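My questions all concern the structure below.
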Amino acid sequence: MDLTNSTEHAVTDATDEVFSQWEKTSSVPGVAYGVVRHGVLVHTGGLGVASIGGATPDADSVFRIASMTKSFTASAVLLLRDEGALRLDDPLAAHLPVAAVLDERDGPPLTLRDLLTMGAGFATDDPWGDRQESLPIADFDALVAGGLSACWPNRTAFEYSNTAYALLGRVIEQVSGVDYPTFVRERLCVPLGMTDTVFDPQDVPADRRATGYRIAADGTRVPEPLVAPGAYSAMGGLLSSVRDLATWVGGFTESWTDGGSGHPVDRWSRREAQEMARFIAVEPLPDRGSVAGGYGFGLGVQQHSVLGRIVSHSGGYPGFGSHMRWHPASGWGVVALGNSTYAPMHVPVAEALSRIVTMTGAAHGETPAGVVEPWPATIAAMGVVERLLAGDDSGVGDSTWSPNMDLDVPRAERMAQLSSVREGVGAFTRDDASVRHPSPARATWTVAGETGSARLEVWMTPERHPRIQKLVATRVSDPAH
């Protein structure tokens, strides 16, 4: 949608207000945040200090992004898959023989897909895993060879695992022939122009690198030491800026439209990463509705009863907290980086994105709206349904009407039902703003009449030349007086 200046101002004002209010009750020394739309960083802000006694962080300040790194690891795996170097259902041990011991437990062999979707059953390893960043590769391989403890049989439950992603990092190295940090930098970050996204803190100029702090019990801010990359970098080792992450988020949001030019990962793979591959739970919302949460490939995926699909990932590390979150249907996204241990950046980011999506009128639909193009047959069927509601069945024939329709509800009975709805509505017109297409084969919409309104719904068959297989017409309201 094209935004007016007033809407743009409303979006930036709402975002600034959310972060300003949150910062007042937060102990995080500094925060940098940004609003993204279709991959463009449209607004940025900063609060506090990047380092004690230093400047306020901005869009170019570099923070450790911790577990947001997992989306890069997953993308690297998908890139290798698309090049034919591996398959997601390959056994882990086929690429990393030292991991063969992990298949000795009861259940099917571990696959790369199991690791990507947090379905390996390994015990959740926060905060232990956060302190393994610099573990040498040889020591990691020895750790794996000694066996790992599992909470669940493989593929039976969601259990968040940093070690699963460290294993994927080793697979990337084995398959590509280069070390994991080099592969991610050269194959993902450099092609996208993400020059601030690195694994070694020493590669960031000191005046642009945020210092991470532990907040002691007495409120003292204790600096955390710099950590070099190692075997666990694939689960949380990246540092980045709001500006670079706007590009990264844009790569995912644009996969639902034109795919984004020049992205190293195929747009269909980027879409696949944003699908809920492993279910976690359904939770009620504070006001109304509910949200179903799950995990894709290095990304959290939610189906929100009000907002539709939301994709996100947090990062938590000694000295840092981060969160990126976007709404595929509208292309809006919010990113925030903080410099204290496990800073809960998901709180203001979720609130800011919810406000943005709601105020811009994008809070509807279960799937990304930008990609749902109705079939021509679906559009034609809407006209047939409206003529039927008006009492004209001349458009009903073998080319438009599936045989199941008259078998399910005899024609005379169906016409009587439509006549009853028509009597409660009167002469009507379509409300174009009400039209929704949950899929190319479906349409729901409202018609407004002299004496009331009706809700219409049509479903098409999967045939080469689709026909109407389902029709619903319900009176929904009386006219406004």
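Projecting each Cα onto the charge dipole of the chain (Lys/Arg +1, Asp/Glu -1 at the beta carbon, about the Cα centre), which of GLY169, THR56, ALA123 comes out farthest on the positive side?
The listed residue farthest towards the positive side: ALA123.
Specify which residue in the list ALA381, HIS465, TYR232 is farthest towards the positive end of the charge dipole of the chain, using unit charges on the beta carbon of Lys, Arg (+1) and Asp, Glu (-1), about the Cα centre.
Of the options given, the answer is ALA381.
The stretch 376-465: which GluC sites (Glu not before Pro) are DSSP loop and have at most 10 other beta-carbon atoms within 10 angstrom? Display every interim value, and only then the final one.
Details: sites: GLU386, GLU413, GLU423, GLU450, GLU457, GLU463; in loops: GLU450, GLU463.
Those satisfying the criteria are GLU450, GLU463.
Using the per-residue mean of other Cβ atoms lying within 10 Å as a proxy for protection, in what order, highest first, do the peptides 93-100, 144-151 fall?
Taking the mean over residues of other Cβ atoms within 10 Å, the ranking is 93-100, 144-151.
Something else: Can you list the trypsin sites (Lys or Arg not before Pro) in the stretch 11-118 that are in a DSSP coil and have 15 or fewer other beta carbons within 10 angstrom? Show your work: numbers first, answer last.
Numbers: sites: LYS24, ARG37, ARG64, LYS70, ARG81, ARG87, ARG105, ARG113; in loops: ARG87, ARG105.
Those satisfying the criteria are ARG87, ARG105.
Distance in nm between label sites at THR195 and THR451, each 7 Å beyond Cα in the beta-carbon direction?
7.1 nm
Here is a follow-up. Can you find, among VAL42, VAL357, GLN417, the residue sitting farthest towards the positive end of the charge dipole of the chain, where Lys and Arg contribute +1 and Asp and Glu -1 at Cβ?
Checked the options; the winner is GLN417.
So I have [x] 43, 28, 18; [y] 37, 24, 21; [z] 47, 28, 18, and one of them is semi-axes √(5λ) of the Cα gyration tensor in Å calculated from this model. Which one is it?
The calculated read-out lines up with [z].
Can you give the charge dipole size of the stretch 372-477 about its Cα centre, rounded to the nearest 20 debye, using +1 on the beta carbon of Lys and Arg and -1 on the beta carbon of Asp and Glu?
Dipole about the Cα centre, nearest 20: 180 debye.
Right, here's the next one. Are there chymotrypsin sites (Phe, Trp or Tyr not before Pro) in the stretch 127-206 that DSSP marks as loop and that have at most 14 other Cβ atoms within 10 Å, and which are they?
When the chymotrypsin sites (Phe, Trp or Tyr not before Pro) of the stretch 127-206 are filtered for loop state and at most 14 Cβ neighbours within 10 Å, nothing remains.
Bear in mind these aren't lab numbers, they're just calculated from the coordinates by the rules spelled out. Model, not experiment: these values are computed from the prediction. We place every Cβ from the backbone using ideal geometry, glycine too, and count neighbours over all the protein chains shown.
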